[in-house]
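Report on the structure given below.
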Amino acid sequence: MDFSGLAAMAGAHAEARAIQTAVKLGLFESLDRKSLDAAGLARALGCDPRATGMMAAAMASTGLLEVTNGRYSLSAAARRYLLRSSDEYLGGMILFDEAIFPLWSHLDDTIRSGKPARVPDMFQSEPADTARFIRAMDSLTRARADARWVAEHLDLSRVTTVADLGGGPGTYLAAMLRRNPALRGYVWDLPATLAVAREVLAEREADVAGRIELKSVDYLRDDLPGPVDAIFLSNIIHSEDEQTNAEMVRKCAHAIARGGIIIIKDHVMNSDFTEPRAGAIFSLYLLLTTRGRDYSLDEIAGWLGAAGFANVRIQTLPSPPFTSSLVTARKL
Ligand SMILES: C[S@@+](CC[C@H](N)C(=O)[O-])C[C@H]1O[C@@H](n2cnc3c(N)ncnc32)[C@H](O)[C@@H]1O
C-alpha cells in the first residue's frame, strides 16, 4: 500500500460526512429541477452563502454535482441515487449512516470493553429510529439491486410459501413474489418494523402486497409459525451472537416442512475473517450496535448441520457491487 492509498482510507470519514450532510440538508433535492449558484442554493436551503458555496464545491469535486459558470447542477450519479423520486434512491441508507455517525467516536471504548455503544434494540424503541433503519435497508437493497439478483438466482420452483424472517421492509420478499407468481409470503418481524413495512409495501410493492402477510414474531422469544416451505434470513445472523444463531436456525428447522429450504444471505467471511473486506469493516459497526458480527461459512454450516439441515451450498454474489453470499440448505 502506498501513501495515497493509506491517506485516502484513513481520511475517508471527511468525504463520507460531507455527503451525508449534503443529503441531510436537502442539497441534492433542491437542484432537482434547476441549476443554482451558491447564493441561490443557500437561499433554497436556508443556509449561510459562504459555507454553502464551500459545500457545493466539495460536492462538485466528488462528481456528485457539476458546475458551469458558477451554477451547480446534479450529476447523473446524484440524479440516479440521491433523489427520493428515483427507484434507486440510496439516500435512505446515507441518512441512517448520518444518524449513527456519533457512535463511531465510541469505537475505542467498545474495543476496550467489548460492549456495544448503544442499547442493541434493533432500533425498535423510537418510531423515528425504526423508520430510518428500515427505510435504510429498503434503500440500500433497492439501489444495489440485491433483491432482484436473489429473486433471479434462487430456485423457488418447488416452494409455495416463504417466510422472510426479520424481513424488514419486505423488499426481498416482494422481488421473490414478483418473480414467482404462485408464491405466497410472510414477513415475520417485530411490531415497530411491521408498521414501517406496511407503509413501504403500500408505497412501492402494491402489485404483490396482496400475497404478503405481515406477522409479529420475535425470533428471540417465540417459536416460529409454520410449516412453510422456505425461510429466508437476510442480514439477520450478523446482529446476534453465536448461541442465539444456533437456536434461531434450530427454530427455523422446526418451522420448515420436510424437504423445504433455509436461505441465509449475509456477509459470509473467510476463515480468518478478512474477506470480504466490506464484511470485516462492517463487523465493527455490528460491534457498536448489536450483539453480533459477520460469521464464516464454517460457523454457519455448523449451526445448519446441528439443526438437521443437509446439502449446504454457498453462492457468492458478484462483487462489485455486491458484498454478500447466499447459503442454502435443505431440511431432510
Ligand atoms: C438488518 S435488518 C434486515 C432487514 C431485511 N432482512 C434486509 O436484509 O433488508 C434486521 C431485521 O431484523 C428484525 N429483527 C431484529 N430483531 C428481531 C427479533 N428479535 N425478532 C424478529 N425480527 C427481528 C429487524 O426489525 C429488522 O427488520
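Each reported figure results from applying straightforward, stated rules to the coordinates on display, with no laboratory input. These numbers come from a predicted model, not from an experiment. With ideal geometry, Cβ positions are generated from the backbone for all residues, glycine too; neighbour counts draw on all protein chains shown.
For the range 209-312, which trypsin sites (Lys or Arg not before Pro) are in a loop by DSSP, counting at most 13 other Cβ atoms within 10 Å?
Loop-located and lightly packed - R221.
With a cut-off of 14 Å between beta carbons, the residues surrounding A8 carry a summed charge of -2, where Lys and Arg count +1 and Asp and Glu -1. If you take all other residues with their beta carbon under 13 Å from the beta carbon of D223, and give Lys and Arg +1 and Asp and Glu -1, the sum is +1.
Please compute the contact order of the range 2-96 in relative form: average sequence separation of alpha-carbon pairs under 8 Å and at least six residues apart, divided by the residue count, as a percent.
It rounds to 26 percent for the range 2-96.
Its relative contact order, with pairs defined as Cα atoms under 8 Å and 6+ residues apart, puts the range 183-332 at 22 percent.
Restricting the calculation to Cα atoms, the range 198-332 shows an Rg/Rh of 0.98 when the hydrodynamic-style radius is the Kirkwood one. Over what distance in Å are the Cα centres of the range 213-255 and the range 23-98 separated? Using only Cα atoms to place each centre, the spacing works out to 41 Å.
Bridgeable lysines around K34 (alpha carbons under 21 Å apart, same-chain partners fewer than 8 residues away excluded): K24. I'd like the antiparallel share, as a percent to the nearest 5, of DSSP beta bridges with both residues in the chain. If I count the DSSP bridges inside the chain, around 45 percent turn out antiparallel. For K251, the lysines whose Cα comes closer than 24 Å to its Cα, not counting residues fewer than 8 places off in the same chain, are K215, K265, K331. Working note: Karplus 6.51/-1.76/1.60 with θ = phi - 60° gives the range 246-262 the couplings 4, 5, 5, 5, 5, 4, 4, 4, 5, 8, 9, 5, 4, x, x, 10, 10 Hz, where Gly and Pro are set to x.
When all alpha carbon pairs of the chain are counted in 10 Å bins from zero, the resulting P(r) reads 5, 23, 32, 23, 12, 4, 0 %. Taking amide H as placed 1.01 Å from N in the peptide plane, the amide H of E66 sits under 5 Å from that of S73, L74, S75, each at least 5 places away or on another chain.
Spatially, the range 271-332 and the range 113-190 are offset by 16 Å when compared through their Cα centroids. The relative contact order of the chain, computed from alpha carbon pairs under 8 Å that lie at least 6 residues apart in sequence, is 12 percent.
Between G185, G305, G11, the Gaussian network model of the chain with springs among Cα atoms under 10 angstrom shows the greatest mean-square fluctuation at G11. Note on the range 57-145: Cα-Cα pairs beyond 22 Å make up 46% of the total pair count.
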